[in-house]
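The values are calculated or read from the model by the stated rules, or taken from the named source; none is laboratory data. The structure displayed is predicted, hence computed values, not measured ones. Here the Cβ is made from the backbone with ideal geometry for all residues, glycine too, and neighbour counts use every protein chain on show. These area figures cover heavy atoms from the full protein model, side chains too; ligands, DNA and RNA do not enter into them. Shrake-Rupley method; radii C 1.70, N 1.55, O 1.52, S 1.80 Å.
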Amino acid sequence: MMKQPNGHEIIQLFEQFAPKHLAMEGDKIGLLIGSLNQKVKNVLIALDVTEEVVDEAIANDVQLIIAHHPLIFKPLKTIRFEDSYGKIIAKLIKHDIAVYAAHTNLDVANGGVNDLLADALGVINTEVLVPTYEEPLKKLVVYAPMEDAEKIRKVLGDNGAGHIGNYSHCSYSNEGIGRFLPGENTNPHIGKIGELESVPEERIETIFPATLEKKLIKAMLKAHPYEEPAYDIYPLDLKGKTYGLGRIGYLEQEMTLEQFASYVKKQLDVTGVRITGNLQDKVKKVAILGGDGGKYYTTALRKGADVFITGDVYYHTAIDAKLDGLNIIDPGHNVEKVMKKGVAKKLTTMCQENQYDVNIIPSKMNTDPFYFL
């Protein structure tokens, strides 16, 4: 049976995809306006929260907007309803529309803005361009009766434990004897109150990302037959998956810079791009970073990119990159609009898997403030 979720339940799903801990320090993310307590029938996925986007939300009976760019980025000293921002905020409050922002955490996330841009351009075999976060790892050791060990190993693997490289459900086991004496007011799965019991048990070891600890322990306890399962958590010096801004990878077919610039313009649906470099240079290795990424051009250069695609490139940055021999294509900041359909598709799938009766709508508004003559 389908369930109509509230805002908290929607955001809990979304943050599995783009968790807050991936955001850059000081980023204005999370709930910015309104409440997540109300039931949600319609969610709007937007790049920016402009008045036109809010009107679109009102027309679609939206209760929650998930935006990439925060509406309130700089502190507001006043909220005047006749001012541009005041007018937007007043409309949102009047129509009970909450606004949640996922900015750099959505840039960094697997399947987020930068992966969506790389996919749109057919860039393959990608890796992180600018590392910003390494997932700390922990080890879980749990003891279980032999007959329940397989079930528990599967539950742990299904909930994110045991990922090593491209392998999943990795674990190690050995056999031993567990001993316990059930006291009063217990309901032992094996044995009797007041009698020392010895049980053949399996010791299961597996690693997991530290951020999954609560979810993993909850799933393990639910699957375990004992009232009081014995388990240990160990911190590890090992680091797990690397997350970060931008992606760098390869085109399947080499192009000239001129050909690739035209391809970028078409694939990212923009009316023009700015280019620095020799138009006849060959392009095979591509770095891309959505938004304002000019300051990272030296990283793209150091990693051997033939071209760096990013927005809002400053004049002197372009000159420096050209002198250093790195080609740049600037398609503008607004190409991050790929997140609207990408996030809507991802969140729709997650809601369907959880049997949530909710519509996820990608915004149709063009919020790019620039156009070319």
Helix-derived mean residue ellipticity, 222 nm - over the chain, DSSP H n ≥ 4, -39500 (n - 2.57), to 500: -8500 deg cm²/dmol
List the pairs from 265/295; 151/341; 239/340; 266/345; 39/218 whose alpha-carbon separation is above 29 Å, in the order I gave them. 151/341; 239/340
Treating the beta-carbon of each Lys and Arg as +1 and of each Asp and Glu as -1, no other charges, what is the dipole magnitude of region 197-299 about its Cα centre, to the nearest 20 debye? 860 debye
Given all pairs of different Cα atoms, what value in angstroms does the Kirkwood hydrodynamic radius of region 91-139 take? 13.7 Å
Counting only other residues whose beta carbon sits under 14 Å from that of residue 40, what net charge do I get with K and R as +1, D and E as -1? -1
Can you pull out the chymotrypsin sites (Phe, Trp or Tyr not before Pro) in region 333-373 whose DSSP state is coil and whose Cβ has at most 10 other Cβ atoms within 10 Å? 370, 371, 372
The ³J(HN,Hα) series, computed from each phi in region 261-269 with the Karplus coefficients 6.51, -1.76 and 1.60 at θ = phi - 60°, rounded to the nearest Hz and given as x for glycine or proline, is 4, 5, 5, 4, 4, 6, 5, 9, 6
Of all trypsin sites (Lys or Arg not before Pro) in region 24-76, which ones are in loop regions per DSSP and have a Cβ with at most 15 other Cβ atoms within 10 Å? 41
At a Cα cut-off below 21 Å, give the lysines reachable from residue 74, other chains included and same-chain residues fewer than 8 away excluded. 20, 28, 87, 91
When all protein chains stay in place, what accessible area (Å², nearest 10, 1.4 Å probe) is found for residue 49? 10 Å²
Taking protein heavy atoms only, a 1.4 Å probe, and rounding to whole percent, the accessible area of region 240-373 owed to carbon and sulfur comes out at 49 percent
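Tell me, what % of the accessible area of region 1-144 is carbon and sulfur with a 1.4 angstrom probe?
Here it works out to 52 percent.
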Which of rounded, prolate or oblate describes region 101-180 when judged by the alpha-carbon gyration tensor and an a/c cut-off of 1.5? prolate
Under a no-solvent Debye model with one identical scatterer per Cα of the chain, what's log10 I(q)/I(0) at q = 0.13 Å⁻¹? -1.09
Most to least accessible of 345, 3, 154 (protein chains only, probe 1.4 Å): 345, 154, 3
List the chymotrypsin sites (Phe, Trp or Tyr not before Pro) in region 222-330 that DSSP assigns to loop (not H, G, I, E or B) and whose Cβ has at most 14 other Cβ atoms within 10 Å. Which are they? 314
Over region 1-109, with the other protein chains present, what is the accessible area per residue in square angstrom, probe 1.4 angstrom? 48 Å²
When only alpha-carbon atoms are used, what values of Rg and Dmax, in angstrom, describe region 159-204? 16.1, 48
